Amino acid sequence: METESEENQKSNETASARKTDVASPTKVASNEDFSGELNAPHWSVVSFETCLASGLTYDKAVKKMKQFTTKKIAGLCIVTDEAAERIVN
């Protein structure tokens with residue numbers, strides 16, 4: 001029969017194994033993939049209430065967000081157009 005200490009150790013080992021499995025990436029993105037993603041026109045600026053702009057590159061989305069910030073619009077965030085569609089609908 002196992003002692004409580006041995007049971008705790010096995011439980012911790014199992015939990016650690018699960019964390020490793022979850023945290024391990026399936027694919028490492030290259031800098032080119034990342035740069036291409038940011039330059040693709042599929043970013044939106046959303047607020048708490050609605051999608052304010054979509055079809056933007058990430059840089060343009062940042063500029064739009066700054067414009068909306070000066071207008072004191074709350075809850076601004078940059079997300080993909082796909083995510084923005086789910087938020088609004």
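The values are calculated or read from the model by the stated rules, or taken from the named source; none is laboratory data. Computed from a predicted model, the values in this text were never measured in an experiment. All Cβ positions, glycine included, derive from the backbone under ideal geometry; neighbour counts span all protein chains shown.
Cβ separations smaller than 6 Å between residues 6+ apart or across chains give the following pairs from segment 50-70 residues that are among the β-branched types (Val, Ile, Thr) to residues that are at pLDDT 95 or above: 57/41. Within segment 49-89, being more than 23 Å from residue 36 (Cβ to Cβ), under 17 Å from the mean Cα position of the chain (by Cα) and in a loop (DSSP other than H, G, I, E, B) holds for 75, 76. Whenever a residue of segment 32-45 is in a strand (DSSP E or B) and surrounded by 13 or more Cβ atoms within 10 Å (Cβ to Cβ), its partners that are modelled with pLDDT of 95 or more and not hydrophobic (A, V, I, L, M, F, W, C), lying with C-beta atoms within less than 6 angstrom and at least six residues away or across chains, give the pairs 43/58; 44/54; 44/81; 45/64.
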